[in-house]
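Everything below concerns the one structure shown next.
The values are calculated or read from the model by the stated rules, or taken from the named source; none is laboratory data. All values derive from a computational prediction rather than experimental measurement. Every residue, glycine among them, receives a Cβ derived from its backbone with ideal geometry; neighbour counts consider all protein chains shown.
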Amino acid sequence: MTLLPVFLRLDRRPCLVVGAGTVALAKIESLLAAGAAITVVAPAAIPQVRALAAQNALTWHQRVFEPSDLDGAFLVIAATNASGVNHAVYEEALRRNILCNAVDDPPNCDFYFGSVVSRGDLQIAISTAGESPTLAQRLRREIDAQLPADLAPWLAVLGPLRRDVRAATPAGEARNLLLHELAHRQLCGSPSCPTRQFASERIRAVQEEARA
């Protein structure tokens, strides 16, 4: 089965995590980084999860899972050490059309957490559909070693420049060519940056071509 690779915006989305152990913590941290509104359900929790609850970074219900815990959830992660519980969470989520990931249990997953290489807003996710997380981790290390360390600040400057180009020029091949060229040039935040000057010149040229 072919998977659809997507990047989800989870800011303020209600997400449920069933389980509060070491495995659950890794998923909780990923959800927190994405800005999700997290509810954890588990009879017991490791100190790190307790600390996050005490800081109001998440809501912890200290009890066993109940089907009503899925009310209003956008997605759910089953991360207990009991396969029967994880399966029950998945089946209830499936019945409600809620995306679910049962950790380390591919048959009970609608989506998988990829092994991710990050440089600021740049993210490269690698998935083996649960077949070999170790291979995904190896590939992540290899890709990470090859990517420049300064991609994050470069992208932070490129993004606004791209928006300037799109706002100042009409859609078409000329604009697309300019955007492609900018993605291959060195760029800095200084107004005197040669790439910025190049972009300004090309914007004027595209505008003139559009008026002609």
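Within the option set Val49, Val40, being crowded, with 18+ Cβ neighbours inside 10 Å and in a strand (DSSP E or B) holds for one residue only, Val40.
When the test is whether a residue is within 23 Å of Asn101 (Cβ to Cβ) and part of a loop (DSSP other than H, G, I, E, B), Ala129 passes it. Looking at (1) within 23 Å of Ser115 (Cα to Cα); (2) assigned to a helix (DSSP H, G or I), which is the only condition Leu8 fails? Here Leu8 meets the rest and fails (2).
Please enumerate the residues belonging to the range 179-199 that are among the small types (Gly, Ala, Ser) and either closer than 17 Å to Leu151 by Cα or in contact with an Asp or Glu (Cβ under 9 Å, 6 or more places away or on another chain) (or both).
Ala183, Gly189, Ser190, Ala199, listed by residue number.
The residues listed here are Gly130, Gly114, Gly84; of these, the one that is among the small types (Gly, Ala, Ser), within 16 Å of the chain's Cα centre (by Cα) and more than 13 Å from Val17 (Cα to Cα) is Gly114.
Looking at Arg196, Arg162 in this structure, which one is surrounded by 14 or more Cβ atoms within 10 Å (Cβ to Cβ), over 20 Å from Leu122 (Cβ atoms) and not assigned by TED's automatic domain parsing to the domain that holds Ser118?
Values: Arg162 fails: over 20 Å from Leu122 (Cβ atoms).
It is Arg196.
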